[in-house]
Amino acid sequence: EGRDELIAKVGILGRENYDLKAENRQLKTECALLDDELRIARQETIDVLNKVKERAVGLAAIETYHICNLVDELLKEYKE
């Protein structure tokens, strides 16, 4: 009787081990997919930040141009 119980427990543990291995493979697949999504999200963030930087540089150049013109006008007034 004890031997039969042991054999039954080994069978149960074997099935649980099989199920756990299958779950582990599934989790590894999901992890790989999440890594890909994270990499893509990071790249998209970098792309957006680069666009913001380009826009900021452009706006700064325009502002600098206007400030220089203002200074030139003030200098003209000062020289007159």
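The values are calculated or read from the model by the stated rules, or taken from the named source; none is laboratory data. Just so you know, these numbers come straight off a predicted model, no measurement behind them. Glycine gets a Cβ as well: all are built from the backbone with ideal geometry, and neighbour counts include every protein chain shown. Areas reflect the complete protein model, heavy atoms only, side chains present, ligands, DNA and RNA absent. Shrake-Rupley method; radii C 1.70, N 1.55, O 1.52, S 1.80 Å.
Structure values in brief
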{"read-out": "Failed item in (1) within 26 Å of the chain's Cα centre (by Cα); (2) modelled with pLDDT under 95, with Asp36 passing the rest", "value": "(2)"}
{"read-out": "Selection status of Asp72, charged (D, E, K, R), open to solvent by less than 90 Å² (accessible area, probe 1.4 Å) and modelled with pLDDT of 95 or more", "value": "no"}
{"read-out": "Meets criteria (at pLDDT below 95, surrounded by 10 or more Cβ atoms within 10 Å (Cβ to Cβ) and assigned to a helix (DSSP H, G or I)) for Glu77", "value": "no"}
